[in-house]
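Take a look at the structure below.
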Amino acid sequence: MRLERLAIMATNTNNNTKRGLWGWLAVIGVFLAAKLKWVLALFKIGKFATLASMFVSLGGYALFFGWKFAFAIVYLIFVHEMGHLIAAKLRNIPTSPAVFIPFLGAAIGIDPKKIKDAETEFFVAYGGPLAGFISIMPAVALYLMTQEPYWGLVIQLGALINLFNLFPVSPLDGGRIVTVLSTKIWLIGLLAMIPVMFLSPDPIIMLIFIFGIFTWWERYKDNARIEILRHEETVRSKWNDALKRIAPDESQDASHAEQDPLQARALKNQIASRLDTINAHLSNESGKAIPIIQETKRNDLKKLRTEKNILQGLFSNVKNYEMAFYENTPLDKDLTNVIRENEKKLAPIRQEINQAKAYYKTSTSTKIRALSLYLGLAIVLALLLVYGMNILEASNIRQ
């Protein structure tokens, strides 16, 4: 489920009490949507979910801001959501109907697993603000024809909603758009939001900031987990190759088998030496308080513990293999089984690493094009926002 966080709290309105009340209603709406999924399910029942939820939102906005504002905001949200829906359909990604959520915006259901790469995520996310820009053009034309200030409000509101959605913080559209460039930009967006919250301490902006922190942290942990998996792949591959050099082969004769104890002992000593190094390092770090700011160091320790667990098992297997010769016990396929088990464990690890790598693998030309489209749309929307504000300001002066 993708929820549109709208920055409507920043629009020009003369009633501060209503602004604050509306913001807290949005916070309550987000909480219910996140924690009580059955609330959204109620809106999805029936064939006319979009139409029914649209009228509910229309009535809610009209109650607090009047019918003119209500029609404008519902129209702008609807076109924005249709942009996402059309973009998803163009990429053959199934979606649920758009569902309006009073005082919050609207949502369409998209299965994240259907989005295979960052370029597709950019395409679907960009569709919303692009459609939002298109939705403003009729208001511009109508204002030029009629000089009616109401269309200035529509221009300003539409530009504000879509410009705010371009802010590079997930779960806003901008956060999903810049994924094609780098998710590290999320942190820059979060830092930029801090002064915004002080200048305009609206609840919905604070809520987006909190959600953005959690989303960035989850992505950071995912990246760290992939790094640990890469280390595990390296360790298992390295020692698996070493095991293959001493593992018995069905075609092996007795003269070759007599050399195996020496090779096994050498491998056992290598593993023991590496274990000693790891244990010494872990022992030096034990008892030390590692603050969050040293998360990189924490991940390095996780890598060492993962490697230690792997090597402890290998050490035991190689030692047993070596002792089988000195105790004149029959050779079996223990090491071969260990090799097979390692290969089985390596398969899903490699698959997950390759999937993560493929998701963010984007050509330089694609990144340049995406950045140009992103900045271009942001600049045009900013100009439209100023244009709408000037219309309303000129109207107030005449009055």
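The values are calculated or read from the model by the stated rules, or taken from the named source; none is laboratory data. None of these values were measured; they are calculated from a predicted model. Every residue, glycine among them, receives a Cβ derived from its backbone with ideal geometry; neighbour counts consider all protein chains shown. Just so you know, the surface numbers come from the protein's heavy atoms only, side chains and all, with ligands and any DNA or RNA stripped out. Shrake-Rupley method; radii C 1.70, N 1.55, O 1.52, S 1.80 Å.
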Margin query: Would you confirm, using the coordinates I've provided, whether Leu262 is at pLDDT 80 or above and either in a helix (DSSP H, G or I) or surrounded by 11 or more Cβ atoms within 10 Å (Cβ to Cβ) (or both)?
Written below: no
The residue from Lys68, Lys18, Lys35 that alone is open to solvent by 10 Å² or more (accessible area, probe 1.4 Å), modelled with pLDDT under 50, over 22 Å from the mean Cα position of the chain (by Cα) and basic (Lys, Arg) is Lys18
Residue count, segment 110-128, condition closer than 21 Å to Ile161 by Cβ and touching a residue at least 40 places away in the same chain (Cβ under 8 Å), comes to 8
Expected single match for surrounded by fewer than 17 Cβ atoms within 10 Å (Cβ to Cβ), within 30 Å of Val318 (Cα to Cα) and either under 17 Å from the mean Cα position of the chain (by Cα) or modelled with pLDDT under 85 (or both) among Ile213, Ile188, Ile226 is Ile226
Inset, instruction - Might you let me know whether segment 134-151 holds any residue that is in contact (Cβ under 8 Å) with a residue 24 or more places away in the chain, in contact with a His (Cβ under 8 Å, 6 or more places away or on another chain) and not basic (Lys, Arg)? - result: yes
Checked Phe100, Phe123 against criteria (in contact with a Ser or Thr (Cβ under 6 Å, 6 or more places away or on another chain), buried (at least 16 other Cβ atoms within 10 Å of the Cβ) and among the aromatic types (Phe, Trp, Tyr)); the one match is Phe100
Scanning segment 41-63 for residues that are open to solvent by less than 90 Å² (accessible area, probe 1.4 Å) and over 12 Å from Ala98 (Cβ atoms), the one modelled with the lowest pLDDT turns out to be Gly46
